[in-house]
Amino acid sequence: ILGVKHNYLLNESTYIRTVAMGSISRNTYIQDNFLPDGTKYRATDVEDMNNSYTITSFINKKFNARINARAGVNSQTYSISTFVDNRDENPDLDEDGIPDLQRERDFNGYLPLLQTFVQTQFKINNRLTLNTGLHAQLLTFNNSYAVEPRFALNYNLGKSHVLNFGYGLHSQMQPLPVFFLEIEDDNGVP
């Protein structure tokens, strides 16, 4: 992972923070199996590469000692190459003594995930704080989106105890290889 962060002070109560980063992840997995007669064959072959590029920026404004607000955007692009061939638990239709090979994943491309949010904090008094927010995300690969309200109320009981009540919807993208799993239907069509 490599990243850079930049803070820009607009005035005494407002700043903008921007972060850009990239990460590289690779996974290779090979499984060999043996037939009862000792014949070795390649059962599973996995090659996964996931590069992620992210730019996020938000503006933070402190209106006074009791009210603070923040709004921002996040753009994350996944560059993915995923490939899986598998023989495990497959039939031997060609009768060569080795289970038939099936392609389970084969994708090379990009998945952009766009997010935006706004949140506020209001200190009602010395003991009670209200946090509210709204988060939205769009996965352009399949045009799925989520809009998620967030709410929290914190009551300070004393020096070391706080009672919290919170509500929020929190969506998450499935692990990337799940998007590309190829399964045959009853007619053998992937």
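The values are calculated or read from the model by the stated rules, or taken from the named source; none is laboratory data. These numbers were taken from a predicted model, which means no experiment stands behind them. Because the Cβ atoms are built from the backbone with ideal geometry, glycine has one as well, and the counts that use them run over all protein chains shown. Just so you know, the surface numbers come from the protein's heavy atoms only, side chains and all, with ligands and any DNA or RNA stripped out. Shrake-Rupley method; radii C 1.70, N 1.55, O 1.52, S 1.80 Å.
Figures for the structure shown
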quantity: Within region 1-127: Cβ-based charge dipole about Cα centre, in debye rounded to nearest 20 (Lys, Arg +1; Asp, Glu -1); calculated: 2240
quantity: Qualifying lysines (Cα of each under 30 Å from Cα of Lys5; at least 8 residues distant if same chain); calculated: Lys61, Lys62, Lys123
quantity: Hull volume in cubic angstrom per residue (convex hull over the Cα atoms of region 1-47); calculated: 76
quantity: Solvent-accessible area, 1.4 Å probe, carbon plus sulfur percent, for the chain; calculated: 55
quantity: Kirkwood Rh in Å, taken over all unlike Cα pairs in region 23-79; calculated: 16.2
quantity: For a label point 7 Å along the Cα-to-beta-carbon line of Leu181, residues of region 61-89 with backbone N under 14 Å; calculated: 84
quantity: Of Gly166, Gly109, Gly158, the one that fluctuates the most in a GNM where the chain has Cα springs shorter than 10 Å; calculated: Gly158
quantity: Length gained when the stretch Asn126-Ala71 is fully extended (0.36 nm per residue, less Cα-Cα span); calculated: 17.3 nm
quantity: Of Met21, Asn11, Gln121, farthest towards positive along the dipole that unit charges on Lys, Arg, Asp, Glu beta carbons give the chain; calculated: Asn11
quantity: Peptides 35-48, 77-90 ordered by average Cβ neighbours within 10 Å, highest first; calculated: 77-90, 35-48
quantity: Gained length - Leu153 relative to Arg103, 0.36 nm times residue gap less alpha-carbon distance; calculated: 13.0 nm
quantity: Value of relative contact order over region 1-111, rounded to a whole percent, pairs C-alpha under 8 Å and six or more apart; calculated: 21
quantity: The chain, accessible area per residue, ligands and nucleic acids excluded (1.4 Å, Å²); calculated: 68
quantity: Paramagnetic reach from Tyr110 in region 124-155 [backbone N under 15 Å; point 7 Å along Cα→Cβ]; calculated: 139-142
quantity: Label corresponding to P(r) over Cα pairs in 10 Å bins from 0, in percent when calculated from the structure given, among (i) 8, 27, 27, 16, 9, 6, 4, 2, 0; (ii) 8, 22, 23, 19, 13, 9, 5, 1; (iii) 9, 36, 37, 15, 2, 0; calculated: (ii)
quantity: Distance (nanometres) between label positions extended 7 Å along Cα→Cβ at Asn90 and Ile1; calculated: 3.6
